[in-house]
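Trainee: Pasting in a structure now, in structure tokens, and then I'll have a few things to ask.
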Amino acid sequence: MAHPITILDGGLGRELARRGAPFKQPEWSALAMIEAPEQVQAVHQDFINSGAQVIATNSYALVPFHIGDERFKEQGPALIRRSGEVARAAALGTQVQVAGSLPPLFGSYRPDLFDVSHVRNIAMPLIDNLAEFVDLWQLETQSLIAETQAVLALLPSDDKPRWVSFTLDDNTLHDTPRLRSGESVENAVKAMLDCHVQSILFNCCQPEVILAAIEQANRVLEEQAASDTVRLGGYGNAFVSAQAENATANEGLDDIRQDLTPQAYLHFAQQWRAAGASVIGGCCGIGPEHIALLSRELH
């Protein structure tokens, strides 16, 4: 039996930028958390009004990669806590769940920068200061299985669902889907089953590459008799071009494609749903208007 659909929010950072909120590199969406948390709450609220059933805390850029080592040490815990407070305030009085966003600790798309010796120092302030406000944990834009495993091992035994979302190599449209590390989707899914995660997702890659990953993941779940207990999903980005292997997330703003209208994005989401996905939303460049159409049509 197919899992019921759950609609996620869209790309918080680029939506803040589109609205003229404080936003620049290298801080990315962290700058609005620092200077204009009320605008962050307003975006959360608009995604909720559009039908999102889960919103992610604006903690993605609250890591040294974006705000620097010193600011992270001095202000990081308070900013992370504020991101939880703001998301919880937006969801107040609704049945919307708040996901604690746990980002790649060493930069998006850069599995080569992973340093296991620094995982705890970066991850624990995020976990400790979000725990009070979140209903589930959502590891996002994961490029490397080892980093994902290291962060999952630090999560508290709080019975909150654990969701993991991997980012895919954008250049695998006509090839076997793989993570940006080069690791296979098959191995990533098997590793997550060993970690007892509840949802395995794919995000921050072009929507064209997500379908094959969901199909591959679904085959693994069926082989492991886990398709009834583990959910699959996707939330693609709207970047014009594929991300290069040496791409970094704070060198500049990627252009947003004009062809990925709400209706066009819905077409991809419907394919994912038919392939077994039940958790669907949007990443960078996917706004409230996209989420509103997903909510209407997928339900």
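Coordinate-derived values only; no laboratory data. All figures in this text were calculated on a predicted structure; none of them were measured in a lab. Ideal geometry is used to build each Cβ from the backbone, glycine not excepted, and the neighbour counts take in all protein chains shown.
Trainee: Being crowded, with 16+ Cβ neighbours inside 10 Å and either closer than 23 Å to residue 262 by Cβ or hydrophobic (A, V, I, L, M, F, W, C) (or both) narrows it down to one residue among 2, 78, 21; which is it?
Mentor: Among 2, 78, 21, only 21 is crowded, with 16+ Cβ neighbours inside 10 Å and either closer than 23 Å to residue 262 by Cβ or hydrophobic (A, V, I, L, M, F, W, C) (or both).
Trainee: Now for a separate question. Determine whether residue 2 is aliphatic (A, V, I, L, M), over 27 Å from residue 74 (Cα atoms) and part of a loop (DSSP other than H, G, I, E, B). Even if it seems obvious, please write down each step before you answer.
Mentor: Working: aliphatic (A, V, I, L, M): yes; over 27 Å from residue 74 (Cα atoms): yes; part of a loop (DSSP other than H, G, I, E, B): yes.
Spelling it out, residue 2 is indeed aliphatic (A, V, I, L, M), over 27 Å from residue 74 (Cα atoms) and part of a loop (DSSP other than H, G, I, E, B).
Trainee: I'd like the full set of residues that are surrounded by fewer than 24 Cβ atoms within 10 Å (Cβ to Cβ) and among the small types (Gly, Ala, Ser), limited to segment 24-47.
Mentor: Scanning segment 24-47 gives 36, 42.
Trainee: Could you count how many residues in segment 1-51 are more than 25 Å from residue 278 (Cβ to Cβ) and hydroxyl-bearing (Ser, Thr, Tyr)?
Mentor: Matching residues across segment 1-51 total 1.
Trainee: Tell me the residue from 79, 139 that is free of Cβ contacts under 8 Å to residues at least 60 places away in the same chain and in a strand (DSSP E or B), please.
Mentor: Just a single option satisfies the conditions, and that option is 139.
Trainee: Here's another thing I want to ask about it. Take the conditions surrounded by 21 or more Cβ atoms within 10 Å (Cβ to Cβ), touching a Leu at 6+ places or on another chain (Cβ under 6 Å) and aliphatic (A, V, I, L, M) and apply them to residue 139. Does it pass?
Mentor: yes
Trainee: Further question on the same structure: Quick test for you: out of 175, 159, 170, pick the one residue that is acidic (Asp, Glu) and within 24 Å of residue 135 (Cα to Cα). Before the answer, list the steps.
Mentor: Details: 175 fails: within 24 Å of residue 135 (Cα to Cα); 170 fails: within 24 Å of residue 135 (Cα to Cα).
Only one candidate qualifies: 159.
Trainee: With (1) within 19 Å of residue 254 (Cα to Cα); (2) more than 15 Å from the chain's Cα centre (by Cα) as the list, and residue 37 as the residue in question, which single condition is left unmet?
Mentor: (1)
Trainee: Which residue, of 155, 102, is within 22 Å of residue 194 (Cβ to Cβ) and touching a Lys or Arg at 6+ places or on another chain (Cβ under 7 Å)?
Mentor: Numbers: 102 fails: touching a Lys or Arg at 6+ places or on another chain (Cβ under 7 Å).
Testing whether each residue is within 22 Å of residue 194 (Cβ to Cβ) and touching a Lys or Arg at 6+ places or on another chain (Cβ under 7 Å) leaves just 155.
Condition check ((1) more than 17 Å from residue 97 (Cα to Cα); (2) among the charged types (D, E, K, R); (3) buried (at least 23 other Cβ atoms within 10 Å of the Cβ)) across all residues:
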site	(1), (2), (3)
124	yes, no, no
130	no, no, yes
133	no, no, no
145	yes, no, no
155	yes, no, no
159	no, yes, no
168	yes, no, yes
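Trainee: While we're looking at this one, here's another question. Considering only segment 109-118, state which residues are assigned to a helix (DSSP H, G or I) and surrounded by 19 or more Cβ atoms within 10 Å (Cβ to Cβ). Before you say what the answer is, go through the steps one by one.
Mentor: Filtering segment 109-118 down to residues assigned to a helix (DSSP H, G or I) leaves 111-113, 116-118.
Residue satisfying the conditions is 111 alone.
Trainee: Can you name the condition, by its number, that residue 174 falls short on among (1) under 23 Å from residue 267 (Cβ atoms); (2) touching a strand residue (DSSP E or B) at 6+ places or on another chain (Cβ under 6 Å); (3) surrounded by fewer than 20 Cβ atoms within 10 Å (Cβ to Cβ); (4) not small (Gly, Ala, Ser)?
Mentor: (2)
Trainee: Something else about it: What is the one condition in (1) farther than 23 Å from residue 68 by Cα; (2) of a type outside the set (Phe, Trp, Tyr); (3) free of Cβ contacts under 8 Å to residues at least 24 places away in the same chain that residue 203 does not satisfy?
Mentor: Here residue 203 clears every test but (3).
Trainee: Quick check on residue 48: is it hydrophobic (A, V, I, L, M, F, W, C) and closer than 21 Å to residue 202 by Cβ?
Mentor: Taking the combined requirement at face value, the residue does not satisfy it.
Trainee: What is the residue count in segment 209-246 for residues that are part of a helix (DSSP H, G or I), surrounded by 14 or more Cβ atoms within 10 Å (Cβ to Cβ) and over 15 Å from the mean Cα position of the chain (by Cα)?
Mentor: Counting residues in segment 209-246 that are part of a helix (DSSP H, G or I), surrounded by 14 or more Cβ atoms within 10 Å (Cβ to Cβ) and over 15 Å from the mean Cα position of the chain (by Cα) gives 12.
Trainee: Next question, about the same structure. Take segment 48-76 and flag every residue that is polar (S, T, N, Q) and not in a helix (DSSP H, G or I).
Mentor: 50, 53, 57, 58, 59
Trainee: Now for a different question. Can you tell me how many residues within segment 13-47 are assigned to a helix (DSSP H, G or I), among the hydrophobic types (A, V, I, L, M, F, W, C) and out of contact with any helix residue (DSSP H, G or I) (no Cβ under 6 Å at 6 or more places or on another chain)?
Mentor: We begin by selecting, within segment 13-47, every residue assigned to a helix (DSSP H, G or I); these are 13-18, 30-35, 37-47.
Filter once more, keeping what is among the hydrophobic types (A, V, I, L, M, F, W, C): 16-17, 30-34, 40, 42-43, 47.
Applying the additional criterion that residues be out of contact with any helix residue (DSSP H, G or I) (no Cβ under 6 Å at 6 or more places or on another chain) yields 17, 31, 34, 42.
Selection size over segment 13-47: 4.
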